[in-house]
Amino acid sequence: ALNLPYDELEAHLDVLNFLPEDGLVVTYCDGSECEASLELADELTAMGFGRVRVFFGGWEQWVEAGHPVEEGEALLPY
């Protein structure tokens, strides 16, 4: 997983070089009321990423459901 905030997209375009255009990309927000995940999905689709999906429940629902979470240093050089 990569943290790529929509409002910082321009500053982190190099991160997108590590994503295959035919790979699955899932965008999400902090919670279900946020629309940045939709905006980011639209931008990524316009950039040529063909398999972009939005997880509408967001980070909040992911954690509440008990799904795995990891924290640590980024492995990609960005």
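By the gyration tensor of its Cα atoms, with a ≥ b ≥ c the square roots of the eigenvalues, what is the shape of the chain: rounded for a/c under 1.5, prolate for a/b over b/c, or oblate?
Note, shape of the chain comes out oblate.
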Quiz item: On average, how much accessible surface per residue is there in the chain, in Å², for a 1.4 Å probe, leaving out ligands, DNA and RNA?
Solution: 75 Å²
Exercise. Give the residue from 11, 36, 55 lying farthest towards the positive end of the charge dipole for the chain; charges sit on Cβ (+1 for Lys and Arg, -1 for Asp and Glu) and the dipole is referred to the Cα centre.
Key: 55
Practice problem: From largest accessible area down, sort 34, 29; use a 1.4 Å probe on the protein chains. | Solution: 34, 29
Exercise. Evaluate the relative contact order of the chain (contact order divided by residue number), counting alpha-carbon pairs under 8 angstrom at least 6 apart; express in whole percent.
Key: 32 percent
Quiz item: For the chain, what % of the accessible area comes from carbon and sulfur atoms, probe 1.4 Å?
Solution: 50 percent
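The values are calculated or read from the model by the stated rules, or taken from the named source; none is laboratory data. Given the structure is predicted, the values throughout are model-derived calculations rather than measurements. All Cβ positions, glycine included, derive from the backbone under ideal geometry; neighbour counts span all protein chains shown. Calculation scope for accessible area: heavy atoms of the full protein, side chains included, ligands and nucleic acids excluded. Shrake-Rupley method; radii C 1.70, N 1.55, O 1.52, S 1.80 Å.
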